[in-house]
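Below is one structure, written out as structure tokens; comments come after it.
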Amino acid sequence: MIAIDNLVVQFGGVKPINELTATLAAPIAGLIGPNGAGKTTLLNVLSGFVRPARGSVALNGEQLLDLAPLQRVRAGLRRSFQTEQVVEDLTVSGNLAAIADHVVAPLNRAAAIDAALAFVGLRPVTDKLGQSLNLFQRRLVELGKCVIGNPRLILLDEPAAGLTEEEGGMFRELVLRIPAEVGAQVLVIDHDVELIRAMCSETMVLDYGKLLALGPTEAVLADPNVRRAYLGEF
Amino acid sequence: MTSQQTIQALPERVPGARFPKQLLQVPATMALFAAVVTCLANSYWLSAATSAVALSLSVAGLAILYGQLGLVSLCQFALVGVGGWVTLRVGHAFHPPFEISLLAGGIVASVVGLAFGLPALRLRGLYLALVTLMLAGAFQIIISAWGFPDGGNGFLGRADGSGRAMLPRPEIAEGAVGYFLYVCLAATIALLIAQWHKLGRPGRAWALIRKGETVAIASGVNVLTYKAWAFALSGFLAGVSGALLAGNVGQLDGRAFGAFESLNLFALAIVGGVYNWYGALIAGLLLRAVPALLTDLGIDGYVTIGIFGVALFQALATAPSGIAGQIASLIARLRFGSAKERVR
Amino acid sequence: AASCGDNTGKAATGEPIVIGAITGKTGPDDFSNSTKAAKAYFDCLNANGGIKGRPVKYLVEDDQWNPETAAQLAAKLVNDEKAVLMVGNSSFVECGANADFYKKSGIVVVAGVGVPRECFFAENYAATNAGPRVSTLGAMGYALDQLKAKSVVCIGPNIPNVGTWSCDGIKSLAKEKGFTAETILMDPGTADSTSIILQAAASKPDVIILGLPKGVTIPLLTAAEEQGLNQTIKFLSAASAYDLSVPGTIGAGWDGNFYVNMEFNDLEAATPDNQNWLAVMDKYGQPSDPRDTFAQAGYLAARIAEKALMSLDPKDITRESTSAAIRQVKGFASDIFCAPWYFGDGQPRHNANSTTRMAVSEGGKWKVISDCAPSPDPELADIRAFEKSAGIAP
Amino acid sequence: MAAISSVVVKNLAVERGGKRVIHDVSFAIKSGEITALLGANGAGKSSTVMALAGVLPIAGGRMRLDATSLTGLSPDRIRRAGLALVPEGHRVLGQLSVEDNILVAAFDGSPSARREGLERAYEIFPELAQRKRQLASDLSGGQKQMVAMAQAFIAKPGFMVVDELSLGLAPAVVKRLAEALKIAAQNGIGVLLIEQFANLALDLADHAMVMERGRLVYDGASTTLRANPEILHGAYLAS
Amino acid sequence: MTFLPFLISGLGIGAVYALSGVGLVILFRATGVLNFAFGAFGAIGAHCAWQLLEWKMPLSVAILAAVVVSTAISFLYGRIFAPMLSHRDTVVRAVGTLAPALVLIALMGIIWGELPRRLQFPTDQMFVSLFGVRLTYTRIIAILLAVVMVGSITLLLNRTRLGLDMRALANDRDLSAILGVRILYTETAAWVITGIFSGFAGLLLADLVRLQGTFLTLLVIPAIAAAILGQLRSLWETAVAGLLIGIAEAALTPVGWISPYRAAAPFIIALVAVTILGSTAKAVLKDR
Ligand SMILES: Nc1ncnc2c1ncn2[C@@H]1O[C@H](COP(=O)(O)OP(=O)(O)OP(=O)(O)O)[C@@H](O)[C@H]1O
Ligand SMILES: Nc1ncnc2c1ncn2[C@@H]1O[C@H](COP(=O)(O)OP(=O)(O)OP(=O)(O)O)[C@@H](O)[C@H]1O
Ligand SMILES: [Mg+2]
Ligand SMILES: [Mg+2]
């Protein structure tokens, strides 16, 4: 459970997040909103790359902001980035090992890597270099990195952007398995409303740093404010 | 930086493996190299080859920083100087076995390298490169004023008297051939250490850091520690290189460690190739053996400089992953080719 | 006409005698004039019967101002080429790098131009020039005697065994003679000459003595002229500035105000050996080879070597016999030297050339203004004592 | 632009990392029309359009814009010849302000014409108008994509090639953009569109092409493709 | 001992650093290349000027020739050689410029040797006296040239089309090409501009410091200190930093034991500044 209380982020004159208070409890929660609404910024606050000016965030009752970014990773926080970040000159398994090195005990590493490979279905390309992967495979590597080492919260920033509908569908199936098989809560940003609808039982909508709506996904998507500000319907 | 380099012919990595088999390449190649040089070289070439192998260690340090982390250090030759200075100082002051002086040189250079790296830990790209160049510049002025120790008393170790004291070589390797083999052995060990880092956990962490620091942090990498470790290791290699150099001639001179030399070292490291371990050896040879060849052919010093400039550009422009990269892709092609043959 | 060796006019055809040389050509300054002159002389010798029929094979290497290279080249010449003797060496870095090696290998060096202290404090190394310290103090002697200097500032490079060595000499002389002396050590790589000149001028000295390579001397003089100090202070320099191009380069502002020490005779002196040097250069050198004081040094080194080799059985010219012959050289007279040159057998160090002249810049040329005078360097005490004991000096 | 003009690609071949990724692709796009280029990930869509824009060197084939040969021209000359590419992955000039980013793409025309173009771009993307002094590197992902689109619009090209149109954009913005592209096509611009959402693309497009493993497997009316979804499915599953 | 005279003499050496530093930053801002050969370009021009003066040509001809030679060499490198490295990272592109630097050092060594020479201008004889120190007109011209260059280049970069193209190019060459920026034209223009600047700077530096190929070439290294203080971005800051570094270096002259080490001042100042400002510096690149 993520509890955000009165969060304010400020860059010079702009406040990409402004007095945000919200609690996300669903195993897979969605985060949507217009471009520049502050979604990525919120993820950066959760993972520790942006220091908020005010407010607090608690993960399962534990204060998150007290921890350094690295401590958060060790405590089970994982994230992917809006542009994929697969290392070109490491193999697929090398990319996974790079995180396993730091979050899994030495003896369990090989097994953890293998389990992640199996989970995302990349076993056939274990030894391929990152530079020769296509976008879908890269997104899968990113997801694989997120499920290594008993994660508790996985943050996905537009993980399916650029994927075709089929690939998006396969990706969605994987994400849906995470809460049960990996045991982590997932917070996902995406602009593909259908994907959000299919994955998330709960959705939060941000608009200019403010909370526009929060609740069961269907209800939120039906909210006229959301339809106007986000979907561009009148 | 925005333009991403296409990296060709990178060595494959085997994660998790305890002793990757590729490591065996290092001793095998070095042994072959040492045997060939020992059989063929006269005094002059032996001396040049010894310097070349010694310097290849400092290039290996640069290769870690640049090839692995994408960090540029333009003070590597200054660190070679630090290593040499400390080795001579310890050697003249306490007369310990050579290995002790050598380790002292390596360790102090490593500490200095780390101290040099610290202000730079937060910096990247060209800006970092230039900051380290400033360190090289400052070192040049300080060391040329102090001079290298020549056996005297006191902190600076300047005798300023009759004759210079020479640093004795290790007892087991007094002669030119013996010392050359000694340097090759030391280089093999150091190159193995570097290569082992590259193939293992530090190498993966460094690759992530090169990709982006936020990405590295998000993957649980302690960026500062791993960067500092790379600087320290690179400094250590430079220091050992300086120590071996000091043992070769028995003494060193401050004027040989100018900022321009550090620039030159970096340039040749790129030409040699920073993505394969033997790029360092190639760079060492380029630094010492090629000028020796030109000198031996009686070519004017200025013409040599000019040839060097032209060759530097030629190599930069045509071999993005250095000469070593070209060799690697050649080997790969040969292997691939013969594999195809067999299938047929 | 050029006169060399036995003057047979016939080329030597026997088995060559290998003689090596190391010089600093490429780098902050070009010191190769000495070996160029030695080469010209050996060519002349070879064209005139050589050493009793055996020609000299003279191998010159450029150490590029890098001690590591200097050591490599010494190994090449001594071990690989089996040189019997080194002649005409002139380098900033070579003495320190190789003195020990030469001693171990049992080879003797008759150098042209020695610069740092190590060149004058080694057992197997004897230079024909006086060296920066002796030369700087020679200039100081002139300043004391002729310019009546009461206070002096010595500017030297902050290179160990060069700058301090020269300026310390001035200091100890000051103690002995009771004038005031100050030392400024400068980084030869600095771009800021004006500040150094201002610093030197701040103590209002009568004279400023420069013990610097000419590449650094000229910018300092330029800065001094800019500040108008050429009118109020006399500037003197060690022999390093004694180059024919210098008076023209620094210009008329320095006429009568810039004095330089000379380690050898006037370059244009009409004396026989000096004329022979010029003739050898004309016939066997390149027109572009400079006729300067370094060249004089190399010429003399070659002649000394020739004299020693001529005393040997041509069939028995080995490193040992050659070394022994060089060690015996004594009373080698030339009008280019102020006093006869000797090696000083058994001495731990060598500095035979310690009597110098002075010249002043005038009308774009050097004008010789003094006779030979012994350098008042206190450090020469051991040399003077040896000379007395060996009956070389009165 | 009264006369119909066209970009013609013949027997295009492209190699990447020593491997041939585009084999013998030929097609034509016409002004005033929207063409969709569909296919699974890695099918070679980006490689095709990057080769077309001169960003990737070609291993074979020819390209023409009307009478002008584009083969072997540098990217800036192709852009100036009238073919504007919006590359994949919302790349912007991070150290320039938003306004400079847009202005730099307006390589021709008087200052007043450029002003006009700028105003027009701000009309499509009012988000950018508020941030014109901000450094482009500080923009959100979607905002960067808007900048990239604005850069194409302001160049007033004859042909616009958009790689991943909706990438990172909120639905409302996609709608506005689709509208703008339609208007552009009506004004005689030829548009080539790569888009992950096939339905969106087919709604917009008059013409559609499908790629599979570096080859063109369908080239025809978009309505036909819509009526026969198995073509598209086959292509998507092929990879 | 009073410091005042040294402050004035520092203005002279400061002008040297400012000129070279600004020259470096201009090209970097416009093409993303840090030109280690800046000094060498200037030096060869200055040598040509010296040669023409030796041949008794008028001063104006010599100055013109120097600038033309420096510009031509800069143009050649920028038009033919620099593009070959354009897809490589900034450091490699900078290292590439070592090549022309080495070739020019060799050329100057072969033609002119390392004999110290003196290049003189009539302005050396004219001066104003401040605190008993003469500030020659040549130095004043050097400072003015730096200021004029900073001003005009700042205008060029911020107010003109070419300037906008240059900034775009330096930021991301590939993307700029896609956006229609004429890469070769713009880059060549930048190299020509620095070429002209290096020509004038080379003449002034040869006069102010010394006319020696290697020395003038290596002068870029302390000048980089000024560029670092300007964070490789701000021309004004670079120029001011250059002057201040020069003054600091000169002011250390009378300070006892530090004096022999004062040539290290540019480096130490740059390092201290980076350590203090480091984390806030704009040049600290961010991740996405
Ligand atoms: N360093 C910064 N300085 C100024 N403004 C910034 C900075 N970083 C981000 N912003 C602004 O903060 C706002 C929020 O950005 P954020 O990346 O969180 O948006 P987002 O919701 O993820 O949008 P998108 O869907 O487009 O990715 C944007 O308007 C952006 O321009
Ligand atoms: N730098 C590269 N080196 C080697 N192969 C590459 C490189 N970039 C792409 N490829 C390969 O080229 C093929 C075509 O890639 P391309 O990016 O053109 O596909 P796409 O259809 O645009 O897919 P996407 O939807 O992922 O953008 C793929 O198989 C990919 O693996
Ligand atoms: Mg975002
Ligand atoms: Mg694509």
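The values are calculated or read from the model by the stated rules, or taken from the named source; none is laboratory data. Owing to the predicted nature of the structure, the values given are computational and were not obtained by experimental measurement. A quick note on method: Cβ atoms are made from the backbone with ideal geometry, for glycine too, and the neighbour counts reach across all protein chains shown. Ligands, DNA and RNA are excluded from the accessible area calculation, which covers all protein heavy atoms including side chains. Shrake-Rupley method; radii C 1.70, N 1.55, O 1.52, S 1.80 Å.
Observations
- In the condition set (1) within 25 Å of E:Thr214 (Cβ to Cβ); (2) at pLDDT 90 or above, C:Lys76 is compliant with all but (1).
- Residues satisfying the stated conditions in the range B:311-324, i.e. crowded, with 18+ Cβ neighbours inside 10 Å and within 13 Å of chain E (Cβ to nearest Cβ): B:Leu312, B:Phe313, B:Ala315, B:Leu316, B:Ala319, B:Pro320, B:Ser321, B:Gly322
- B:Ile327 being over 30 Å from B:Val112 (Cα atoms) and either open to solvent by less than 20 Å² (accessible area, probe 1.4 Å) or not in a helix (DSSP H, G or I) (or both): no
- Residues in the range E:233-240 include at least one that is under 16 Å from B:Met134 (Cα atoms) and over 10 Å from the mean Cα position of the chain (by Cα).
- Failed condition for A:Ala198, given (1) open to solvent by 20 Å² or more (accessible area, probe 1.4 Å); (2) of a type in the set (Gly, Ala, Ser); (3) over 27 Å from D:Ala43 (Cα atoms): (3)
- Considering only residues in the range D:132-143 that are open to solvent by 40 Å² or more (accessible area, probe 1.4 Å) and within 16 Å of ligand 3 (Cβ to nearest atom), the one that is nearest to A:Gly36 (Cα to Cα) turns out to be D:Asp138.
- Complete set of residues in the range D:157-180 that are away from ligand 3 (no atom under 16 Å from the Cβ) and either closer than 22 Å to A:Ile32 by Cβ or crowded, with 21+ Cβ neighbours inside 10 Å (or both): D:Pro157, D:Phe159, D:Met160, D:Val161, D:Val162, D:Asp163, D:Leu165, D:Lys175, D:Arg176, D:Leu177, D:Ala178, D:Glu179
- Residue in the range B:70-88 that is in contact with a helix residue (DSSP H, G or I) (Cβ under 7 Å, 6 or more places away or on another chain), modelled with pLDDT under 90 and open to solvent by 10 Å² or more (accessible area, probe 1.4 Å) present: yes
- Evaluating A:Leu31 against the criteria (1) more than 16 Å from ligand 1 (Cβ to nearest atom); (2) touching a Lys or Arg at 6+ places or on another chain (Cβ under 9 Å); (3) open to solvent by less than 10 Å² (accessible area, probe 1.4 Å); (4) of a type in the set (A, V, I, L, M, F, W, C) leaves one unmet condition, (1).
- If you filter the range B:101-131 down to residues that are within 7 Å of chain E (Cβ to nearest Cβ) and touching a residue at least 12 places away in the same chain (Cβ under 8 Å), you find that the one that is surrounded by the most Cβ atoms within 10 Å (Cβ to Cβ) is B:Val131.
- Complete set of residues in the range E:1-34 that are outside any helix (DSSP H, G or I) and farther than 25 Å from E:Arg182 by Cβ: E:Met1, E:Thr2, E:Phe3
- Test: residue in the range C:211-229 that is open to solvent by 30 Å² or more (accessible area, probe 1.4 Å) and more than 14 Å from chain E (Cβ to nearest Cβ): no
- Filter pass, A:Ala98 being open to solvent by less than 10 Å² (accessible area, probe 1.4 Å), away from ligand 1 (no atom under 16 Å from the Cβ) and in a helix (DSSP H, G or I): yes
- Among the residues of the range E:231-248, the ones that are away from chain B (no Cβ under 11 Å) and modelled with pLDDT under 90 come to 1 in all.
- In the range B:132-150, of all residues being in a helix (DSSP H, G or I) and touching a Pro at 6+ places or on another chain (Cβ under 7 Å), the one that is surrounded by the fewest Cβ atoms within 10 Å (Cβ to Cβ) corresponds to B:Ala145.
- Residue in the range C:36-47 that is within 30 Å of E:Leu218 (Cα to Cα) and either in contact with a Gly (Cβ under 8 Å, 6 or more places away or on another chain) or open to solvent by 10 Å² or more (accessible area, probe 1.4 Å) (or both) present: yes
This table checks each residue for (1) among the basic types (Lys, Arg); (2) away from ligand 4 (no atom under 16 Å from the Cβ); (3) under 24 Å from D:Val25 (Cβ atoms).
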| site | (1), (2), (3) |
| --- | --- |
| D:Gly141 | no, yes, no |
| D:Phe153 | no, yes, no |
| D:Met160 | no, yes, yes |
| D:Leu167 | no, no, yes |
| D:Val173 | no, yes, no |
| D:Glu179 | no, yes, no |
| D:Leu192 | no, no, yes |
| D:Met209 | no, no, yes |
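- From the list C:Gly391, C:Gly331, C:Gly344, the lone residue that is in contact with a helix residue (DSSP H, G or I) (Cβ under 8 Å, 6 or more places away or on another chain) and modelled with pLDDT under 90 is C:Gly344.
- Residue within the range D:166-185 that is in a strand (DSSP E or B), in contact with a helix residue (DSSP H, G or I) (Cβ under 6 Å, 6 or more places away or on another chain) and either within 14 Å of chain A (Cβ to nearest Cβ) or farther than 25 Å from D:Gly82 by Cα (or both) present: no
- Criterion violated by D:Ala148 - all others in (1) open to solvent by 10 Å² or more (accessible area, probe 1.4 Å); (2) within 16 Å of ligand 1 (Cβ to nearest atom) satisfied: (1)
- Just one residue in the set A:Gln71, A:Gln82, A:Gln63 is within 13 Å of ligand 1 (Cβ to nearest atom) and either open to solvent by 20 Å² or more (accessible area, probe 1.4 Å) or more than 29 Å from D:Gln145 (Cβ to Cβ) (or both); that residue is A:Gln82.
- Total residues in the range B:296-310, condition within 23 Å of C:Ala75 (Cα to Cα) and more than 23 Å from the chain's Cα centre (by Cα): 7
- Odd one out for B:Gly220, checked against (1) touching an Asp or Glu at 6+ places or on another chain (Cβ under 8 Å); (2) of a type in the set (Gly, Ala, Ser); (3) assigned to a helix (DSSP H, G or I): (3)
- Among the residues here, C:Ser195 qualifies as crowded, with 24+ Cβ neighbours inside 10 Å, within 8 Å of chain E (Cβ to nearest Cβ), small (Gly, Ala, Ser) and assigned to a helix (DSSP H, G or I).
- Filter pass, B:Asp300 being facing another protein chain (nearest Cβ under 8 Å), acidic (Asp, Glu) and crowded, with 19+ Cβ neighbours inside 10 Å: no
- Qualifying position, being within 16 Å of D:Leu85 (Cα to Cα) and of a type outside the set (Asp, Glu), among D:Ala59, D:Ala51, D:Ala43: D:Ala51
- Residue within the range A:17-25 that is more than 16 Å from ligand 2 (Cβ to nearest atom), more than 21 Å from D:Ser137 (Cα to Cα), within 12 Å of chain D (Cβ to nearest Cβ) and part of a strand (DSSP E or B) present: no
- Restricting the first member to the range A:100-116 and to residues that are within 16 Å of A:Val73 (Cα to Cα), and the second to residues that are among the hydroxyl-bearing types (Ser, Thr, Tyr), the beta-carbon pairs closer than 7 Å and six or more apart or on different chains are A:His102/B:Ser219.
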